[in-house]
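Derivation of every value follows stated rules applied to the coordinates shown; laboratory data play no part. No experiment lies behind these values; they were computed from the predicted model shown. As a convention, Cβ positions derive from the backbone with ideal geometry for all residues, glycine included, and neighbour counts pool all protein chains shown.
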Amino acid sequence: MHDKEFDERLAEWVKSQREKKLRVSRRLIQIQALKMASALTNEDDEEIVFKVIFLRYFLTFMEVVINALI
């Protein structure tokens, strides 16, 4: 799976949640992306897994920064 395919699958998940009138926060998207990435086993998907892990830490860092500014 390539980045574009991964992004499209994640976007479809977001759309499906919103169609069900469920709240979709950045944290929930992050958790879903991690679930999807952990399900990948192909070596070609290592780059996606790395990007998702990086995104997780980046969002956590930004959350800390924003909370410190408030």
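Worth a mention:
- Gyration tensor (alpha-carbon) shape descriptor, the chain, a/c threshold 1.5: oblate
- Listed residues VAL14, VAL49, VAL24, most fluctuating in the chain (Gaussian network, C-alpha, under 10 Å): VAL24
- Here the spin labels are modelled as points 7 Å beyond Cα on the Cα-Cβ line, and at ARG9 and GLU46 they lie 1.9 nm apart.
- Proximal lysines to LYS21, defined as alpha-carbon separation beneath 25 angstrom and excluding residues fewer than eight positions away on the same chain: LYS35
- Remark: relative contact order (the chain) = 31 percent; criterion is Cα-Cα distance under 8 angstrom and separation of 6 or more residues.
- Residues considered: LEU34, LEU22, LEU55. Largest GNM mean-square fluctuation over the chain, using C-alpha springs under 10 Å, is found at LEU22.
- DSSP H segments from the chain that extend 30 Å or more along their own axis, Cα-based, with Kyte-Doolittle mean of -1.0 or above: 46-69
- Contour minus Cα-Cα distance for ILE31 and LEU55 (0.36 nm per residue): 7.6 nm
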